[in-house]
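Before I ask anything, here is the structure I am working with.
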Amino acid sequence: MASSSLHVDSAAVHAGRDDLAGLGVHALPIDLSSTNPLPDVELGGHSYEVIAGGGHPPADGSSVYARLWNPTVARFEKGLARLEGGADAVAFASGMAAVTAALLTLTSAHRRHIVAVRPLYGGTDHLLASGLLGTTTTFCAPERIASSVRADTAAVFLETPANPTLELVDIADAVAQADGVPVVVDNTFATPVLQRPLAHGAAMSLHSATKYIGGHGDAVGGVIACDDDLATALRRTRAITGGILHPMAAYLLHRGLPTLPTRVRVQQSTAHEVAAWLTTHPAVERVHHPSLPGADPSGLIGRQMHGPGAMIGVVLTGGFPVAAALTTAVSLFTHAVSLGGVDSLIQHPAALTHRPVTAEARPSEALVRLSIGLENAADLIADLDRALSLAARQVPSPAGAGTRVRP
Ligand SMILES: *Cc1c(COP(=O)(O)O)cnc(C)c1O
């Protein structure tokens with residue numbers, strides 16, 4: 001129904017819902033069937049072959065089996081593809097299942113090398129560094145992509161804004177440097193509301209849908225928007241390896257889409273206010289937020305992104321002890337990993353999300369990461385103000401070296 005020229009707010013409300021009126025329903029249906037009736041052996045077998053190869057179920061056939069295809073998942077995929085401006089999207093059981101499927105799909109016997117721009121989410125860094133999937137990885141800075149690509153490079157992987165220091169990477173420049181090698185962009189922090197990597201030449205725009213897309217901290221999932229050929233290849237990988245999203249989670253993630261643009265804009269505006277306030281606090285050494293002076297030297301906000309997003313990195317003058325104390329001194333923020341939900345979270349990347357990252361590339365121990373939710377900015381600032389004073393007071397003088405929890 002609605003045309004692709006709609007603004008993102010309108011598209012988000014209607015995306016992936018085109019078939020509902022025909023079904024005689026208004027809310028998203030949840031289809032929990034693990035298996036599906038087969039018309040006869042021939043059509044059943046044909047359906048199996050098509051879907052296991054990554055295709056859509058034939059019109060006169062069957063969806064066969066829920067590891068291969070599920071209508072609730074497919075509806076969410078359609079919705080997300082529309083928001084990302086992609087021909088299609090493929091959804092997975094988690095963000096990491098999506099990263100794994102992307103790597104398995106793009107690599108082949110002769111191409112097992114990955115170029116990855118750091119910093120990355122700790123789990124992605126861990127997967128790449130582990131070589132578990134039979135890949136080798138060259139980690140590099142954004143300006144070193146071209147010199148890191150080899151004849152056997154299967155993919156360039158990057159995140160922007162990057163987790164946890166909010167560095168921005170120029171996607172079009174990365175694509176130019178990759179010189180034909182597919183570029184995978186983890187778009188989790190920006191969401192399609194603020195950034196559409198496919199429009200800048202990326203082959204895949206990947207999400208931990210657990211974060212902003214779901215937005216309510218009650219569903220784990222991953223999704224990749226891409227062209228039709230890559231979607232077919234990803235679905236084939238998914239059918240073989242079994243990483244499909246659960247339909248209940250697909251329902252929750254799809255239900256998150258209509259409010260996504262509004263949530264992101266309000267959270268972003270609050271984050272801008274909180275980040276600016278933090279820069280004035282004596283206990284704070286440095287604030288990472290793309291809205292702050294110097295954080296966007298290439299002018300990507302406006303050109304590549306519609307705004308700086310709602311994630312903040314805070315480096316504490318008092319180092320690890322104050323950072324650690326702050327995570328428990330807050331009361332409106334919850335001390336928990338994950339991000340992008342309606343409630344504000346705080347966590348310590350070096351101890352938690354980025355713990356598996358090799359020491360040289362691990363974020364500063366003085367850094368905490370804030371995910372700004374939908375609370376009022378003044379309440380969040382009051383909570384941080386009180387907690388910063390408390391954390392600074394709790395921490396003994398440098399002589400009390402025994403307070404350091406991690407080596
Ligand atoms: C959380 C996260 C992931 C991993 O997603 P899961 O849903 O936890 O598997 C990947 N990338 C980024 C940027 C993330 O924040």
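Yes/no per residue for (1) at positive phi; (2) among the acidic types (Asp, Glu):
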residue	(1), (2)
Gly319	yes, no
Ala329	no, no
Phe333	no, no
Val337	no, no
Leu352	no, no
Arg355	no, no
Ile372	no, no
Glu375	no, yes
Ala382	no, no
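Right, another one. From Asp179, Asp228, Asp173, grab the single residue that is among the acidic types (Asp, Glu), over 19 Å from Cys140 (Cβ atoms), more than 10 Å from the ligand (Cβ to nearest atom) and surrounded by fewer than 24 Cβ atoms within 10 Å (Cβ to Cβ).
Working: Asp179 fails: over 19 Å from Cys140 (Cβ atoms); Asp173 fails: over 19 Å from Cys140 (Cβ atoms).
Among Asp179, Asp228, Asp173, only Asp228 is among the acidic types (Asp, Glu), over 19 Å from Cys140 (Cβ atoms), more than 10 Å from the ligand (Cβ to nearest atom) and surrounded by fewer than 24 Cβ atoms within 10 Å (Cβ to Cβ).
Here's a follow-up. Quick check on my filter: what residues within region 93-126 are of a type in the set (A, V, I, L, M, F, W, C), more than 10 Å from the ligand (Cβ to nearest atom) and touching a residue at least 12 places away in the same chain (Cβ under 8 Å)?
Step one: list which residues in region 93-126 are of a type in the set (A, V, I, L, M, F, W, C), which gives 93, 96-99, 101-104, 106, 109, 114-117, 120.
Filter once more, so that each one left must be more than 10 Å from the ligand (Cβ to nearest atom): 101-104, 106, 109, 114-117.
Selection gives Ala101, Ala102, Leu103, Leu104, Leu106, Ile114, Val115, Ala116, Val117.
Here is a follow-up. Kindly provide the set of residues from region 150-192 that are among the aromatic types (Phe, Trp, Tyr) and either over 19 Å from Ile372 (Cβ atoms) or at pLDDT below 95 (or both), ordered by number.
Phe157
Against the conditions (1) out of contact with any Pro (no Cβ under 8 Å at 6 or more places or on another chain); (2) on the phi > 0 side of the Ramachandran plot, where does Gly309 fall short? Just the number, please.
Exception for Gly309: condition (1).
Mind listing whichever residues of region 56-75 are of a type outside the set (A, V, I, L, M) and open to solvent by less than 20 Å² (accessible area, probe 1.4 Å)?
Within region 56-75, Ser62, Asn70, Thr72 qualify.
Collect the residues in region 147-161 that are away from the ligand (no atom under 15 Å from the Cβ) and either open to solvent by 50 Å² or more (accessible area, probe 1.4 Å) or of a type in the set (Phe, Trp, Tyr) (or both), keeping them in residue-number order.
Ser147, Arg150, Ala151
Counting only residues that are open to solvent by 10 Å² or more (accessible area, probe 1.4 Å) and touching a strand residue (DSSP E or B) at 6+ places or on another chain (Cβ under 9 Å), which one in region 203-219 is farthest from the ligand (Cβ to nearest atom)?
Per the criteria, the residue is Ala203.
The conditions are (1) within 15 Å of the ligand (Cβ to nearest atom); (2) in a helix (DSSP H, G or I), and Val193 fails exactly one of them. Which is it?
The single condition Val193 does not satisfy is (1).
Still on this structure, I have one more. I'd like the full set of residues that are within 16 Å of the ligand (Cβ to nearest atom) and surrounded by fewer than 14 Cβ atoms within 10 Å (Cβ to Cβ), limited to region 127-140.
Ser130, Leu132
Please go through region 231-251 and give me each residue that is more than 13 Å from the ligand (Cβ to nearest atom), open to solvent by 10 Å² or more (accessible area, probe 1.4 Å) and of a type outside the set (D, E, K, R), ordered by number.
If the condition is that a residue be more than 13 Å from the ligand (Cβ to nearest atom), open to solvent by 10 Å² or more (accessible area, probe 1.4 Å) and of a type outside the set (D, E, K, R), then Thr232, Ala233, Thr237, Ile240, Thr241, Gly242, Ile244, Pro247, Met248, Tyr251 are the ones that fit.
Filter region 331-351 down to residues that are touching a residue at least 60 places away in the same chain (Cβ under 8 Å) and either more than 15 Å from the ligand (Cβ to nearest atom) or open to solvent by 20 Å² or more (accessible area, probe 1.4 Å) (or both), then give me how many there are.
Applying the first criterion (touching a residue at least 60 places away in the same chain (Cβ under 8 Å)) to region 331-351 yields 338-343, 349.
Filter again for either more than 15 Å from the ligand (Cβ to nearest atom) or open to solvent by 20 Å² or more (accessible area, probe 1.4 Å) (or both), leaving 338, 342-343.
So the count comes out to 3.
Between Glu143, Glu84, which is within 16 Å of the ligand (Cβ to nearest atom) and among the acidic types (Asp, Glu)?
Answer to the selection: Glu84.
From Leu120, Leu104, Leu28, Leu32, grab the single residue that is part of a loop (DSSP other than H, G, I, E, B) and either closer than 24 Å to Val183 by Cα or within 22 Å of the chain's Cα centre (by Cα) (or both). Walk me through it before giving the result.
Working: Leu104 fails: part of a loop (DSSP other than H, G, I, E, B); Leu28 fails: either closer than 24 Å to Val183 by Cα or within 22 Å of the chain's Cα centre (by Cα) (or both); Leu32 fails: either closer than 24 Å to Val183 by Cα or within 22 Å of the chain's Cα centre (by Cα) (or both).
Unique residue meeting the criteria: Leu120.
The values are calculated or read from the model by the stated rules, or taken from the named source; none is laboratory data. Just so it is clear, the model here is predicted, and its values are computed rather than measured. As a convention, Cβ positions derive from the backbone with ideal geometry for all residues, glycine included, and neighbour counts pool all protein chains shown. What goes into the accessible areas is simple: the full protein's heavy atoms, side chains included, and nothing from ligands, DNA or RNA. Shrake-Rupley method; radii C 1.70, N 1.55, O 1.52, S 1.80 Å.
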